[in-house]
1. Looking at (1) farther than 25 Å from Ala274 by Cβ; (2) out of contact with any Lys or Arg (no Cβ under 6 Å at 6 or more places or on another chain); (3) open to solvent by 30 Å² or more (accessible area, probe 1.4 Å), which one does Ser170 not meet, given that it meets all the others?
2. Would you say Ala150 is small (Gly, Ala, Ser), more than 15 Å from the ligand (Cβ to nearest atom) and either part of a loop (DSSP other than H, G, I, E, B) or open to solvent by 40 Å² or more (accessible area, probe 1.4 Å) (or both)?
3. Within the range 178-199, how many residues turn out to be aliphatic (A, V, I, L, M) and buried (at least 21 other Cβ atoms within 10 Å of the Cβ)?
4. Residues in the range 110-158 that are modelled with pLDDT of 95 or more and among the hydroxyl-bearing types (Ser, Thr, Tyr): how many?
5. Confirm whether Gly63 is out of contact with any Asp or Glu (no Cβ under 8 Å at 6 or more places or on another chain) and at positive phi.
6. What are the residues in the range 231-252 that are surrounded by fewer than 17 Cβ atoms within 10 Å (Cβ to Cβ) and within 19 Å of Met147 (Cα to Cα), if any?
7. Within the range 68-80, can you find the residues that are open to solvent by 50 Å² or more (accessible area, probe 1.4 Å) and either aliphatic (A, V, I, L, M) or closer than 26 Å to Gly113 by Cα (or both)?
8. Please indicate, with yes or no, whether at least one residue in the range 14-35 is more than 20 Å from the chain's Cα centre (by Cα) and at pLDDT 90 or above.
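The values are calculated or read from the model by the stated rules, or taken from the named source; none is laboratory data. Keep in mind that what you see is a predicted model, and the values were worked out from it rather than measured. All Cβ positions, glycine included, derive from the backbone under ideal geometry; neighbour counts span all protein chains shown. Ligands, DNA and RNA are excluded from the accessible area calculation, which covers all protein heavy atoms including side chains. Shrake-Rupley method; radii C 1.70, N 1.55, O 1.52, S 1.80 Å.
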Amino acid sequence: MKRKVTKAVFPVAGMGTRFLPATKSVPKEIMTLVDRPLVQYAIDEARAAGITEFIFVTSRGKGALEDYFDRAPELEASLKAKGKTELLKVLDDTTMDSGAIAYVRQHQALGLGHAVWCARHLIGDEPFAVLLPDDVIAAETPCLQQMVDAYAQTGGNMIAAMEVAPEMASSYGIMDVPPSIGRVLPMQGMVEKPAPGTQPSNLAAIGRYILSPQIMRHLGEIAPGAGGEVQLTDAIACEISERQNVYGYRFDGQRYDCGSKAGFLQATVAFGLARPELGEELEGFLRSIMAQRRAAE
Ligand code: G1P
């Protein structure tokens, strides 16, 4: 059965230890790529794909995230008094409507699958999207929109897929798919962080999912998996064996792993270069710093 996807879950309960000391006081999702918090990119992508209900799975210490989505009355009044209409519009575009956003707490760090399961009462009996804000995807047609369009044909469950180098496979959920050059790939299995050399393919799951409500049931029943955590991948694997209705979706676009420092920096450079007001200056700087490094070698 195919239904319109209007709800999205954003797991944002992680402690962000890879970005310490910054994440001592700033939630990782608020850290900025150019001038927008990481999480804003995922929200924009979800909105563009027709999502109207945004569910954040948070944890202690994420207050700044809730404030970010709220109105900022003093700031707005001061911008208005100064006639700064463009900045007011920037604020307006990023403020969420009352009731569009809901927060649930993940009380213990028991894994991504557990985080998603925490949203089960808000999802109810509907298909839903999951967006992992660490995965930032630059694409002409936003990745989730590409998937929503494909899902309109297939129904079932759909997971963003990307080829990774074999030595990187053990960092991802890996899809078991028949060799194919197609975009929509029926999955025969899925394994979370396979031991090196045991991966069924080099096709990795990237943080965009369209899932059926059955996934919540599986999440409630499965035992902890890789790393002792409740894995979303394992619930998806159950759904594959029960119903064979899970597809990998090879998306068009460039993915940045903003859960790592290198990926965050790469995204910062790429997004900076893409900005009309910054691109030229940044490019000049990058060229000169590279020339200096080469000269020093
Ligand atoms: C999570 C998922 C994994 C997926 C990855 C994509 O892993 O568990 O299946 O491939 O996101 O970024 P994590 O990066 O949280 O270890």
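1. So the condition that Ser170 fails would be (2).
2. No: the conditions fail for Ala150.
3. 4
4. Residues meeting the conditions: 2.
5. no
6. Within the range 231-252, Gln244, Asn245, Asp252 qualify.
7. Within the range 68-80, Tyr68, Leu75, Ala77 qualify.
8. yes
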